[in-house]
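The values are calculated or read from the model by the stated rules, or taken from the named source; none is laboratory data. Since the model is a prediction, treat every value here as computed from it, not as a measurement. So basically every Cβ, Gly included, is an ideal-geometry build from the backbone, and we count neighbours across all protein chains shown.
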């Protein structure tokens, strides 16, 4: 029995059935009774039926992300919406871009649509300067705000994070233990999460006795889809005199570019160049050899994010900050 | 001068500035005047300022897509939101999944949020059976509905499509003209667009005199991220006795799997196996050699989609159906 069958048997539109399930006042009592009768005949209670469609409570969660065409964020959206749906919640999403004012404006727009909570997907929503986070605090005065991958201490704000520092530290330590010390750290974000990853890399290098000035970092400032620009950047570094034997990337796409660079230069992987990516995304299977990469358990994090939000909305005491550990998944690009 | 500066100078919250810009009634007249005065002192009119933030009209467009983690749909969302933003429109998105009832429920949810128009991204929203499209017609009775990649003849419904039939026909003809006749068509969707692609492939093969029963089609029914499952399917076909010399894929990820399959079997590309993908996505640069692929000009299509919606909302007469032609971008996987 589907919403279509019910609309047909009751002789009303699907929208009307939806409205009955939502308890909307835009339906006459007569029509409401007719629809409910058809459901009852079919052995359904409206609640069971509506819950299946995520219409039961009509609670709607607002989601903000900077850019849905980023592989990691796209996955996060997918998992979070799936979890919310499974719990009978709807969602509306706005992709804000990386500009802070747009983020604040989008936040206000979602609130004007009467959402019951806000999810911020991605650490770029939290800024280093405290006053830049005012737009989050203003929102959290009205509804609970949950942040993926960044911590913000404030009432009614909850964070679910991956332990980027430790994951990156372990990645670097893994290469160091294999005797690889000429490691390039290749990154493309200075967000909260980006800074934690960088810190983890530096920590491992320092602890292995690599002098501060020999720790090699390369920032990539370009489109996250332009793989040729990334390999170009790596060529520049090599031509500048640094023949790196290991590369740790803050994102799989940068690691994939390193595999491409190695092929161009005729380097063997992992013998001449070992490569570790980050996120364990679908890209790890796209190149040859396949990428070793940090899996940060995004699906589990998103499950927890949704569960935390439910808990808060139900008035339960929920943890303010939860860190998930990541792990290195070894494939063909590491020894 | 930013929204932050104004909120600071006026001594009110950012949310309050937003509300003034939106003409919200939740602001006292005194506060409103104070905020407007600060703006005027800074040489801004509220309209110019608000337009920059996409708040001017507060027109909000509802967007539905099945799955934001699909590379093609993620790009479409990105382009469409960018266009809407540039025109001063906000947007709210819901990812529905592929179930028809969920799509109908999500549509109703967006309408309940008082959106001014609906964009359906992806041909999977339009079904072959006419009555299955009722949920679209019910929505279009209330607001304009625009569909990307599927045609639906109905009042207040507008379609922007890529000419999938012709693009796929040209891809097949290209290989046939190179003397390759043992072509496998590898696809993963039977949506409106999927059926048009298939039709184009068959048309080219028939016209080249390939008997109907020798036209080889393989459907892949699995995760759109599981590249190993795709190569497994190709191995099965080879083991089943069909040694294909060409492969045309309905999506780049399937073509990428073919490149991987060729490597496993020690086939040279393009000499032993020529491969053509579809969408010209970021995946084309991920493998070696790089993928030849059909570029269907998604960004232009999304621009047109947004422009059409603006036209409709402004009461102008707009074309009901616009087809964009695609083209084969040749890289290393074709002779």
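All conditions in (1) within 29 Å of the chain's Cα centre (by Cα); (2) at negative phi; (3) away from chain A (no Cβ under 14 Å) hold for residue B:297, with the sole exception of (2).
Among the residues examined, residue B:167 qualifies as more than 9 Å from chain A (Cβ to nearest Cβ), touching a strand residue (DSSP E or B) at 6+ places or on another chain (Cβ under 7 Å) and either in a helix (DSSP H, G or I) or under 25 Å from residue A:18 (Cβ atoms) (or both). Condition check: over 28 Å from residue A:149 (Cβ atoms), in contact with a helix residue (DSSP H, G or I) (Cβ under 6 Å, 6 or more places away or on another chain) and buried (at least 23 other Cβ atoms within 10 Å of the Cβ). Does residue A:273 satisfy that? Yes: the conditions hold for residue A:273. For the range B:119-144, residues that are within 11 Å of chain A (Cβ to nearest Cβ), at pLDDT 95 or above and assigned to a loop (DSSP other than H, G, I, E, B) total 0.
Answer yes or no as to whether residue B:247 is surrounded by fewer than 18 Cβ atoms within 10 Å (Cβ to Cβ), within 30 Å of the chain's Cα centre (by Cα), assigned to a strand (DSSP E or B) and not assigned by TED's automatic domain parsing to the domain that holds residue B:74. Against the criterion (surrounded by fewer than 18 Cβ atoms within 10 Å (Cβ to Cβ), within 30 Å of the chain's Cα centre (by Cα), assigned to a strand (DSSP E or B) and not assigned by TED's automatic domain parsing to the domain that holds residue B:74), residue B:247 does not qualify.
Total residues in the range A:1-35 satisfying the condition of being modelled with pLDDT of 80 or more and over 21 Å from residue B:142 (Cβ atoms): the figure is 5. Condition check: in the same structural domain as residue B:80 (by TED's automatic domain parsing) and in contact with a strand residue (DSSP E or B) (Cβ under 6 Å, 6 or more places away or on another chain). Does residue B:152 satisfy that? Taking the combined requirement at face value, the residue does not satisfy it.
Testing residue B:257 on (1) modelled with pLDDT of 95 or more; (2) within 22 Å of residue B:69 (Cα to Cα); (3) assigned to a loop (DSSP other than H, G, I, E, B), one condition comes back false. Which one is that? With (1) modelled with pLDDT of 95 or more; (2) within 22 Å of residue B:69 (Cα to Cα); (3) assigned to a loop (DSSP other than H, G, I, E, B) applied to residue B:257, the lone miss is (3). When the range A:148-168 is filtered for residues that are surrounded by 21 or more Cβ atoms within 10 Å (Cβ to Cβ) and more than 16 Å from residue A:296 (Cα to Cα), the ones remaining, listed by number, are A:152, A:157, A:158.
A count restricted to the range B:223-233 and to residues that are closer than 21 Å to residue B:195 by Cα and either assigned to a helix (DSSP H, G or I) or in contact (Cβ under 8 Å) with a residue 12 or more places away in the chain (or both) stands at 3.
Taking the range A:233-253 as the range and being more than 11 Å from every other protein chain (Cβ to nearest Cβ) and in contact with a helix residue (DSSP H, G or I) (Cβ under 6 Å, 6 or more places away or on another chain) as the test, the residues that pass are A:234, A:246, A:247, A:248, A:249, A:250. Number of residues in the range B:78-94 that are facing chain A (nearest Cβ under 7 Å) and touching a strand residue (DSSP E or B) at 6+ places or on another chain (Cβ under 6 Å): the value is 6.
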